[in-house]
Every structure is written in C-alpha cells, then in structure tokens.
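Values in this text are rule-based calculations from the coordinates and carry no lab data. Values in this document were obtained by computation on a predicted structure and should not be read as measured data. Every residue, glycine as well, gets a Cβ built from its backbone with ideal geometry; the counts of neighbours run over all protein chains shown.
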Amino acid sequence: MKSLVRCRILPWRRHFSTTARRRVTRSIEELPDRVKASYVQRPSNTLLSLHWPSPPRNILITKKKRTPGITESLIEYSTHLSTTYPSINIILDPDSAAEIHEQLSFPVYTWQKPSGNASPQYLPDKTDLVCTLGGDGTILRASSLFAHSATVPPVLSFAMGTIGFLGEWKFKEYKRAFREVYMSGAADTYAKLEFPDHQPSIPLTSPDDPLDKPLSYADIRGKAMGSNRTARILLRNRLKVGVFSPTGQRIDALPAGDTYALNEVIVHRGSSPHLKIIDVFIGGRFLTEGVADGMIISSPTGSTAYSLSSGGSIVHPLVPSLLLTPICPRSLSFRPLVLPAEIPITLRFGDKNRGHEVEVSIDGKRISDGIGPGMEVRVLGEDVKNEAGEWCGGVPSIVRGVDGLEDREDDHWVGGLNALLKFNYPFGDQDGNP
C-alpha cells in the first residue's frame with residue numbers, strides 16, 4: 001500500500017488549489033497574519049511615505065451597497081488583483097461575498113457578522129490593505145470595521161459615490177493606483193519574493209494591458225518604486241470615545257475599551273420633540289449648559305460633514321484638533337469651538353431635561369441604548385505616535401500626487417475642497433444663463 005504524504009499548503013498558494021475550492025467563501029481566520037506597513041515622514045512636507053516590510057497579501061474590498069454598477073466594478077477589480085498578483089487573498093464583507101462569490105473563479109474570504117456594535121473578529125489581525133469602491137459613506141463604513149482597533153491598515157479609496165471629500169482616485173485608474181501601493185518602499189524585500197510554480201487559469205481582463213499581466217521576479221525588479229517614489233499617506237486623526245454611567249463605569253452596551261470614530265460623535269434629541277440640556281466640560285472644567293437639539297464633536301476629517309451643515313469651521317485634516325458644534329442652539333451666543341486634540345471634551349446629560357434620554361451616534365451608528373441623566377460621553381483625540389516616535393494611529397489614507405507639483409503634495413486637499421464646495425462660484429447656470 002502506498003503511503004500517504006501530507007503536504008503543507010502555504011498561505012500564498014491557496015488561490016492555486018483545485019477547482020473544487022473555487023466559487024466558495026472561506027473564513028478570514030485561515031489567512032496569514034497581517035503585514036503591518038510603516039510610515040516615514042517625507043522631508044519636504046507633512047505627508048508620509050508608505051513602506052511595506054513584505055508584500056501585502058490580504059486585501060479587504062468594501063463597496064457601496066445596492067449599486068449594480070459598483071458591484072460589476074468590484075468583480076472586475078477583484079479579478080484583476082487575483083490574476084495579476086498571485087499571492088493576494090481577497091476579503092469581502094459577508095453581504096458582498098454572498099452576492100458575488102459564485103461569479104468569481106477563485107475563493108474569497110469573509111467573517112461572521114458580529115452582534116451589536118462589536119468589530120468583526122480577526123479582521124484587524126488579518127487585513128493588510130483596505131480598498132473602497134463608493135463615496136465617503138463607504139470609507140466611513142470601512143473605518144468602522146476597525147472602530148475598536150488602535151491601528152488601521154492603509155486605505156486606498158476610489159471615488160464612486162455622490163460625495164467626494166474623502167475619495168482620492170477615479171476607478172479607471174485602479175490598475176496604476178494599486179500597482180503604486182503594492183510596490184511602495186520595499187524594493188529589497190520584493191527582490192526575494194518566491195512566486196507559485198504555475199499561474200492561475202483565469203483569462204486576463206485586458207490581455208494587451210501590461211498592468212494586467214501576472215507579476216514575475218523580473219517585473220518586481222523593474223517596477224519597484226524605490227525609496228524616493230513611495231505612495232503618499234495622509235494620516236487622518238480619529239476620536240477616542242467612551243460612554244459612562246453616573247458612577248463612572250463604562251456602559252456595558254459598548255464593547256470593552258474605547259471606540260474610535262473617524263468622522264464625529266453626535267449627542268442628539270432623536271425622536272423627542274424637546275430641546276436637550278447638555279452640560280459641556282472642556283479639560284475637566286465646566287464650560288456651559290447647552291440647550292440645543294444636540295452637540296457634535298468632530299475630527300478635522302468630520303469638519304466637512306454634519307458639523308459644516310451646523311455652522312462649524314472647515315479644518316484641514318492635518319490639524320490635530322477637536323471641533324465642538326451645537327445643533328440649533330437656543331442661545332445665539334453659543335458658537336462652534338475648535339480645540340486642541342489633547343484636551344478632552346465631556347458631554348453630560350443634565351437632570352433638568354424633560355425627556356428621559358438622548359441618543360448617541362458614532363460615525364452614523366446609533367448606540368443601541370440611549371443615555372439617561374448623569375451619563376457622560378467623553379471624547380479625546382487619539383495618539384498617532386507611540387513612545388518610540390513611530391506613526392501608529394489614525395486612518396492612513398493613500399492620496400494621489402499632483403503632477404508637476406512634487407513640493408506641494410497637500411494641494412490635492414485644497415483643490416478638491418474648492419471643486420466640491422464651489423468657492424467663489426458664480427450664480428446661475430454654468431453656461432452663463434440666469
């Protein structure tokens with residue numbers, strides 16, 4: 001009798017198994033551990049450089065829901081990654097995986113839906129890079145998947161929605177954009193790559209496009225960007241949020257530890273017809289008794305969202321700050337404030353309220369239980385550097401460069417803001433008609 005030889009399948013070869021393993025969804029628990037990128041300060045400006053210690057393998061792709069055109073783009077994009085980068089594993093949220101996995105000729109990975117406001121298990125430990133197909137809401141939803149993780153993988157966003165404050169790339173650029181990210185800052189490491197012995201039997205999306213051809217060792221050596229041509233990172237600071245009982249105990253309805261918010265924390269009256277009385281404390285000192293529909297505490301990234309609609313200032317995402325904006329305050333003298341990120345803000349639900357509760361939303365997600373009299377919402381800007389001086393916090397957003405403006409790499413935000421808000425835009429039709 002012939003002896004059976006048990007072979008160990010290496011993680012990066014899982015895409016090249018038998019046909020029976022295709023058109024299936026698998027658990028992210030099976031994936032190799034996350035490859036953590038590092039970020040290096042660029043000498044000429046405030047953006048950071050992306051450096052991979054080894055090639056990214058586990059790519060999470062999120063998309064705008066209920067949009068057939070974006071679903072087709074997701075299939076095209078994931079197929080391109082699987083055929084061109086043979087070591088890559090595609091991670092999709094459970095709904096997207098169920099929707100498209102039968103249309104793919106390779107397995108995809110997903111997770112069990114968590115209960116309540118908990119983050120998906122294993123996702124922060126397995127995801128190397130996040131790609132989003134949609135608008136700002138899609139980016140916020142992707143960020144919320146890491147709401148209880150101190151570190152977030154780099155985010156490559158393709159603007160395919162109605163609002164584009166956060167989106168950076170057009171989808172038609174996805175091949176070049178991903179190639180630049182994949183090659184960023186790891187020439188020496190990539191030279192030691194070992195590729196599978198055979199390529200997948202999947203037709204190329206565009207046989208004549210060089211960016212569609214599977215990478216080989218020669219391709220890696222020829223296309224590594226080098227230390228001076230790395231992908232650019234705009235590090236977006238988040239908020240650390242905690243909800244506490246009158247006795248100072250963390251509310252059990254929330255997962256253990258702080259929740260991180262990319263955009264904002266909102267304390268609002270919800271369906272109640274009455275104004276709410278909210279005591280505001282800055283750095284532990286009482287500021288005012290605010291009577292309003294609610295209060296917004298936003299990050300610089302969130303300054304162009306609900307806070308802007310409520311009269312708040314627009315703050316550059318590189319300014320470490322917290323924004324406190326009242327929603328329809330009774331007193332016209334209560335104006336929006338911009339505070340240093342290291343100064344904590346506390347919102348306490350006062351005892352004088354006619355309603356019994358206020359509602360709390362974190363990046364658009366409502367906390368299951370409202371907060372009653374004496375309960376507090378405490379907000380502080382997160383630390384984006386550790387004791388060793390390494391960049392570790394925030395949401396690392398991959399931004400595109402500006403052609404011919406290498407020394408003005410933050411111009412993408414200025415130009416994008418003007419294009420979206422139409423500063424000094426003339427009244428009437430674009431063609432000059434009244």
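Cross-link pairs exceeding 21 Å in C-alpha to C-alpha distance, out of 63/126; 63/240; 240/422; 64/172, comprise 63/240; 240/422.
Once you charge only the Cβ atoms, +1 for Lys and Arg and -1 for Asp and Glu, what is the size of the charge dipole of segment 238-381 about its Cα centre, to the nearest 20 debye?
The dipole of segment 238-381 has a size of about 200 debye.
With neighbour counts taken as other beta-carbon atoms within 10 Å, the residues 29, 376, 180 rank, fewest first, as 29, 376, 180.
Relative to the current alpha-carbon distance between residue 176 and residue 245, full extension at 0.36 nm per residue lengthens the span by 19.8 nm.
The local environment of residue 287, defined by Cβ-Cβ distances under 15 Å, has a net charge of +1 under the rule Lys, Arg +1 and Asp, Glu -1. Each other residue within a Cβ distance under 12 Å of residue 263 adds +1 if Lys or Arg and -1 if Asp or Glu, for a net charge of +1.
Neighbours of residue 125 by Cβ distance under 9 Å: Lys/Arg scored +1, Asp/Glu scored -1, total +1. Note on 71, 325, 247: ascending count of other Cβ atoms within 10 Å places them as 247, 71, 325, the fewest first. Rounded to the nearest 20 debye, the dipole size of segment 48-133 about its Cα centre is 180 debye, using +1 on the Cβ of Lys and Arg and -1 on the Cβ of Asp and Glu. Of the residues 303, 119, the one with the fewest other Cβ atoms within 10 Å heads the list, and the complete ranking is 119, 303.
At an R0 of 22 angstrom, the distance between the Cβ atoms of residue 121 and residue 366 translates into a FRET efficiency of 0.50. Remark: segment 319-336, residue by residue, has Karplus-estimated 3J(HN,Hα) of 8, x, 7, 10, 10, 10, 10, x, 9, 6, x, 5, 8, 6, 7, 7, 9, x Hz, where x stands for each Gly or Pro and the curve is 6.51 cos²θ - 1.76 cosθ + 1.60 at θ = phi - 60°.
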